[in-house]
Each structure stands twice: as C-alpha cells, then as structure tokens.
1. Do you know which residues across region 90-116 are buried (at least 22 other Cβ atoms within 10 Å of the Cβ) and not hydrophobic (A, V, I, L, M, F, W, C)?
2. Can you tell me which residue in region 5-54 is surrounded by the fewest Cβ atoms within 10 Å (Cβ to Cβ), limited to those that are more than 16 Å from MET74 (Cβ to Cβ) and hydroxyl-bearing (Ser, Thr, Tyr)?
3. Quick one: what pairs do we get from region 38-50, first residue outside the structural domain of VAL273 (by TED's automatic domain parsing), second of a type in the set (Phe, Trp, Tyr) and buried (at least 18 other Cβ atoms within 10 Å of the Cβ), C-beta under 9 Å, 6+ apart or different chains?
4. What do you reckon, is SER243 in the same structural domain as ILE140 (by TED's automatic domain parsing), hydroxyl-bearing (Ser, Thr, Tyr) and buried (at least 22 other Cβ atoms within 10 Å of the Cβ)?
5. Taking only region 349-386 into account, find how many residues are farther than 17 Å from LEU316 by Cα, of a type outside the set (Ser, Thr, Tyr) and in contact with an Asp or Glu (Cβ under 7 Å, 6 or more places away or on another chain).
6. Does ARG87 qualify as being in contact (Cβ under 8 Å) with a residue 24 or more places away in the chain and surrounded by 12 or more Cβ atoms within 10 Å (Cβ to Cβ)?
7. In region 87-189, which strands (runs of 3 or more DSSP E) lie fully inside it and hold 2 or more residues that are in contact with a Ser or Thr (Cβ under 6 Å, 6 or more places away or on another chain) and under 14 Å from LEU205 (Cα atoms)?
Amino acid sequence: MKHRSRLVEVLHRAETGPIIEEAEFERKLVAPTIRSLLKKYDIKYDKTVFVPHDDDLSDRVFQAGLDLATEVGMFCQSTSRRIVWTRSELEEGLRFCPTEVTLGAGNDAVVAKARKPDDDGRVIVAGGAYGTPVPEYMYIPMSLSYLKEPVIELIDNPSLETVYGYPVKAGSPWEVLAARREAELAIQAANIAGRPGISLGCVELSPTALGGLAGASWGGYRPTDWHHAPILSELKTNYDMLSIVTHVTRIGGVLEAYYNPIYGGFVGGAEGVAVAIAGGLILLNQTHMGDTLNTRPNHPFYNCDTTPELIWGISLGVQALSRNTNLILDTLTGPAGGPGTKTILYENAAFVIATNVSGQSIMTSCHSASGGSIPKHASGLDSKICGEITHAVRGMSRAHANELLKQIIPLYIHELDKKPIG
C-alpha cells in the first residue's frame, strides 16, 4: 500500500516534533487558528441553507482545512509533541491517496470509489450497531438483524458489555479476551447469514491497543475487514492508535480512520466544524493513512449529528474534500432517535440525503438512540432505511437535496431535546 510508505516517518515525527502541553495545543493553537481561518476565508454559517451548494465556498473551506493541517498538525498524547507536515507534504499525500478500495472477500467483496458532489456514482452501504453495548446473548441476533438485509454491504459491530459474564477492563487481559470473543461472534454471525466474506468493522472493544491488536491477530478479524483507527477530539492521536495503524499496515489490512469534532467546543460552530473536518481528514490521510476516512461530529447536548447546523457543517466539509481530492469519504449517521421512532426515520433521511449528494463514497449507519450510548437500542431496520434512501437519491443535486431538507428537518427538530430513544 503505497500511501502507507511513510509509516516510519509518522512514528519518527511523533517523537521529534515540537513539544507542547495538551491544553495549550487545544486552547492556544486549535481554537484560535480555526477562528483566524474562518475570518481569512470569509466562511460563515447560513441558517437558511441546509445543504450548501456553493462551490466557491466549498473550495475556500478546503483551503482553510489545508492551512489548519499545516499550521496546527496533530498532537500525540503519548509524547506531548506535535506531528507536523509541510503544505507540500500534505498535498503529496493527497495526490497519492487511494482512489478506490476493496472491502471484504469473494462474492461478498465490494469496491468503494472516490466521488464528487452531485455524483451519480454508486455509494456503498454500511450498517451496524456501531459499538452499541449489548449482552453476549444478544450479540449474534443483533448482528443478524443487519446481515440479513441485502442492501447492507459492510457491517460494523456492536460492543460486548461483558466477556463470559465478566466486566471488560481496559488495558488488561480482559480487553484481549473480549476483543477475541467479539471477533469470534462477529465472524460466526456472518457465516450464519451466508455472507462469510463480508467486511466487518473492527475492533469495537479496543479502548487501548491491546484490543485492536488482539482482535486483528491470527484467528480473529481478517485483513479484508474494516479496521478502525480514530483520532481524538480535537486533532489528537496517541501510541494506542498509532500501534493499531502500524499493526494493520503490517498485516496488509483495510484501514478506516475517523475524526469526530465536537460542535461548540474548540472548533466552534457549524463553520468551524466544516473547516475542522477538512483539516482533520487531511491530517488523518497523512498520519493514520486510512483507506477510508470518516467523520461523525457530535452535538454536546443531543449527542447526535442531525441538527441543521451539523448537517450544514458536515455537508460542507465533505464537499470541500470531495471536490478537491480523491479521498474515499464516509460519514456516520448519528440520530438522537432510537429504533421504532418516527424521529429516527426523518433524521436518517435528512442526514443521508445531505451527505450522499455532497460526495461521500460510503454511507455508514446507524449510531442510533442518542449516539449509540443506550445499551441494546439498535436495529437493522434503521440501517436498511438509510440504504434504501442512499439508492433513491443517487445522482440527486445538492440544490434539490436542500429543498427536500427544508421539508424533512421540521418533522423532527422539535423532538431532539426529548431524546426519543425508542
């Protein structure tokens, strides 16, 4: 994988970059830099628009994101150093990023390709409970509720509440055991469903590198599965995440890197979220070297990403990258509503329409019921809805999508603060 040829350089810079305290990085570097770039590029949130369709604005957000990535870099918590890159290095990384990736094996393999805004190209549908805690006895039945839906082409797994009845302790042998058990159950569920080669998102139970490495070792998750290596908010990595990146690189695995900026925090409001997405995913491409790059910004009160402000910011950030790069992008649907509610239907519809027309390559769903935080609150039906909408809006324009969202968002916006978990 040529885009991961800089692995050793990433690790070297994590140990030799400029020293800075974490609080200083966030307060004196991330926040003021974003504020300055918003002013420099005249990026302002327009509350009358739900799906931005101004190409000049998208391009300004991309330039602001590239500036953010260059000026701030990424903070390594394990060394208290910044991993920094020149603008030309970041641009070279973007030129040689993967433009398509195969996920899964055999008859279950799918190919995700880079897309552009208003593109009529195919969007891959990913579904799953995305880390929602479940008891061991529910793991396979819940997984099957997604695996049995033909529209779902990738699976992301729930998370185990216990392992063999015992609590999972981060950084202990229990984490290793839980990661192995998760892989065993996930693969078993795929076999039961007759989809043995489907790509499985992993490792959900990996609060440290122990779970990520143990679950993706021999007999566990496979190189063709969808290995996750996030960065932390805002723009921070550590040796646990870099160890997973290193391991997945050495086994030749498919890597999903993701970044979830916090709305209203150090990145600011909707326009800050857009710039943070652009800059954060550029840094993810350079430092975590993901085959696919995901974002799922979070609202601090509703714990969702379906408010009008966040849909605007996410759409604009994705457009900035899809217009100006060939990155393989995906976003995670995170409704406040839970299974069986009307709210989740409308939230999912609004989010999926907005992000698909903005140029994402993979639609991932669904972090349901207050961002996946409520145990056992997930259903394959939620992801099926997202998949059906994905196919229905193929080739739709951003302007048309904006008109649709004007009708859809009022149907659920008044319910978000009630957290209708279902």
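1. Selection gives PRO98, GLY104, ARG115.
2. Top of the filtered list is THR48.
3. TYR45/TRP312; ASP46/TRP312; LYS47/TRP312; VAL49/TRP312; PHE50/TRP312
4. no
5. Of the residues in that region, 4 qualify.
6. Answer is no for this residue.
7. Strands (runs of 3 or more DSSP E) meeting the threshold: none at all.
Yes/no per residue for (1) at pLDDT below 95; (2) more than 22 Å from the chain's Cα centre (by Cα):
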site	(1), (2)
VAL101	no, no
PRO135	no, yes
ILE152	no, no
ASN157	yes, no
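The values are calculated or read from the model by the stated rules, or taken from the named source; none is laboratory data. Keep in mind that what you see is a predicted model, and the values were worked out from it rather than measured. Every residue, glycine among them, receives a Cβ derived from its backbone with ideal geometry; neighbour counts consider all protein chains shown.
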